[in-house]
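In what follows, a structure is listed as structure tokens, so that the remarks can point back to it.
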Amino acid sequence: MHVQDWLNLRTFHHGQFEPMDNLVAYKNARKTTISICLPTLNEAATIGKIIRILQREFMQKHPLVDEILVVDSGSTDGTVEVARKMGVAVFTAHEVLPELGPARGKGENLWKSLYLARGDILVWVDTDIVNFHPRFVSGLIGPLLTHPDIGFVKGFYRRPIKIGNKLQPTGGGRVTEILVKPFLNLFFPELAGFFQPLSGEYAGRRELLERLPFFTGYGVETGLMIDVADRFGLRPMAQVDLEVRVHRNQELAALRKMAFGILHVLLSRAEQKGKLLLLEPLSHTLLNIELTEFQRYRVNLQKVQELERPPMILVDAYQQKRGIGEEDLILLEEIQKTRAIPPLSIQNYLQPELIWLNGTARSRDEALRDISTRLAEMEIGVPRAKLFRELLKREESLSTGIGEGIAIPHARIPGLRQMVLAVYRSRSGVAFQAVDGAPVKLIFVVLAPPEENNTYLELLANLARLLRDPRIRRGLIQAPNRTTFVRMLKKAEVLKRFERELAALES
């Protein structure tokens, strides 16, 4: 998608989502839960006012938000005490998931809030904002509730700066304008349309956020933007004009440290994406030159560590808390990278009579109900209602819409006579609540008796890996009939097997 097209399609103003009662109606209709997560470090001067406004506007006046939680980095100014007095849940970052080792920084707080929060949508807001207003939250929630294909929303605004005792209308966002925007233009031009890439006000859907790594420091914002665009494309990303934001401007020394951490992330990601080649490893030590009281210069070394936390969905404690099973994880690219590809062949389980290329369903539930009806008519040993219930239960736990127009609903069902692989295609697309928000055109359904667990997992693994190839996806979506569909799938399997054998020989 061209940047200008994206700007026209995905740039909003917070006023478009007023009155707030409309958002409440959308929330209730979609049965969506929303969490506001506040990262803090010594914000006693502003945190109380922010929480009070959030509680009044989004819980008392308008039941839009289900919970507010604070994740603190170890404040010493009474921030934690103020927040607890306001009645919100407060957590200290180092006490959450301690088995994963220590780290400190804003990104660490955001990553752990993903584990702690209950919501389907998470909203993050900086807690040093002086002119806090409900628009900073309603503006972020609006696109997510009104546009099911949007999964990640950034706020932007005019940023005044205080010079002496006067507040100048522009001039804030120094690191953004001098470092981040030029870098993105050079190496990630698809992201050049974002007005405020370092904005601390953003929101996203859990099913998207849980699949992304988080940097633990100030690089978290740029890292997330690059990773969302790389994994899901620009289409599910949006930005909202929140007008003016006034916050505590940092001293230049603090900005130097921030810029160092952000640049570390930008360079690391640029190299990983093949944009540049670093001939030496990046240092984590920032060298500062200071003038002492005796008019001498000295070197001050400062450690700036930007650790990369894994996608939360790969954390054992999160999987247990969210009820995510191995068969769900098998669809994820990160799991596929660490899993040996088994020799099981997909074509052995694909029967032409279970390939339906003329699906007309427009929604996820409608598609699953249609599939369940067709399968029950094939006398597979399970009634239609049970099939639909089991498939829907899986979707409500974790969407099987893996993106790029593909979904792989799956379930282990007692009473099923044998493994089942079915295909349902909709040329117009199904609103399947996929992770990238795009319509799903090709649905592979995998069902298994409980005793066939290993075969079930192997089939899911092979299918997910095969469908990651855009050439194969396009061919299957465009296949004119069942015969061609089966033939293309067989050829694709042979090709992939040949590529694996070549790779093994080369290694």
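Points to keep in mind about this one:
- Number of the exception - SER426 against (1) within 22 Å of VAL382 (Cβ to Cβ); (2) in contact with a Lys or Arg (Cβ under 8 Å, 6 or more places away or on another chain); (3) of a type in the set (S, T, N, Q): (1)
- Checklist (1) modelled with pLDDT of 85 or more; (2) under 30 Å from VAL445 (Cα atoms) applied to GLU334, failing item: (1)
- Residue check, GLU379 surrounded by fewer than 18 Cβ atoms within 10 Å (Cβ to Cβ) and modelled with pLDDT of 90 or more: no
- Matching residues in the stretch 107-123 - criterion: being buried (at least 24 other Cβ atoms within 10 Å of the Cβ) and farther than 15 Å from LEU208 by Cα: GLY107, GLU108, ASN109, LYS112
- The stretch 457-472 residues that are assigned by TED's automatic domain parsing to the domain that holds VAL445, paired with ones that are part of a helix (DSSP H, G or I) and among the aromatic types (Phe, Trp, Tyr) (beta carbon under 9 Å, 6 or more apart): LEU459/TYR349
- Test: residue in the stretch 72-81 that is touching a residue at least 12 places away in the same chain (Cβ under 8 Å) and at positive phi: yes
- Among residues of the stretch 87-116 that are free of Cβ contacts under 8 Å to residues at least 60 places away in the same chain, those with a beta-carbon under 8 Å from a residue that is of a type in the set (Lys, Arg) and part of a helix (DSSP H, G or I) at least six positions away or on a different chain give the pairs VAL90/ARG84; PHE91/LYS112; ALA93/LYS112; VAL96/LYS112.
- The one condition from (1) in contact with a helix residue (DSSP H, G or I) (Cβ under 9 Å, 6 or more places away or on another chain); (2) aliphatic (A, V, I, L, M); (3) within 18 Å of PHE136 (Cβ to Cβ) that MET59 does not meet is (1).
- ALA438 without any contact (Cβ under 8 Å) to a residue 40 or more places away in the chain, small (Gly, Ala, Ser) and not in a helix (DSSP H, G or I): no
- Filtered residues of the stretch 276-311 (kept if of a type in the set (Asp, Glu), part of a loop (DSSP other than H, G, I, E, B) and in contact (Cβ under 8 Å) with a residue 60 or more places away in the chain): GLU306
- Any hit, the stretch 131-140, residues being at pLDDT below 95 and of a type outside the set (Asp, Glu): yes
- Subset of the stretch 54-71 [assigned to a helix (DSSP H, G or I) and either surrounded by fewer than 16 Cβ atoms within 10 Å (Cβ to Cβ) or outside the structural domain of ASN131 (by TED's automatic domain parsing) (or both)]: ARG56, MET59, GLN60, LYS61
- Taking the criterion of being modelled with pLDDT under 90 and in contact with a Lys or Arg (Cβ under 8 Å, 6 or more places away or on another chain), the only residue of the stretch 276-287 that qualifies is HIS284.
- Matching option when the condition is part of a helix (DSSP H, G or I), in contact with a helix residue (DSSP H, G or I) (Cβ under 8 Å, 6 or more places away or on another chain), surrounded by fewer than 23 Cβ atoms within 10 Å (Cβ to Cβ) and of a type outside the set (Val, Ile, Thr), among GLY74, GLY48: GLY48
- ALA103, sole failed condition from (1) of a type in the set (A, V, I, L, M); (2) in contact with a Lys or Arg (Cβ under 9 Å, 6 or more places away or on another chain); (3) assigned to a strand (DSSP E or B): (3)
- Scan of the stretch 448-507 for residues that are part of a helix (DSSP H, G or I), within 27 Å of GLY381 (Cβ to Cβ) and among the aliphatic types (A, V, I, L, M), ordered by number: LEU457, LEU459, LEU460, ALA461, LEU463, ALA464, VAL486, LEU489
- When residues of the stretch 374-418 are limited to those that are basic (Lys, Arg) and within 23 Å of the chain's Cα centre (by Cα), the one nearest to GLY437 (Cα to Cα): ARG394
- When the test is whether a residue is touching a strand residue (DSSP E or B) at 6+ places or on another chain (Cβ under 6 Å), basic (Lys, Arg) and either within 16 Å of LEU350 (Cβ to Cβ) or in the same structural domain as SER399 (by TED's automatic domain parsing) (or both), LYS441 passes it.
The values are calculated or read from the model by the stated rules, or taken from the named source; none is laboratory data. Just so you know, these numbers come straight off a predicted model, no measurement behind them. Virtual Cβ from ideal backbone geometry, glycine too; neighbours counted across all protein chains shown.
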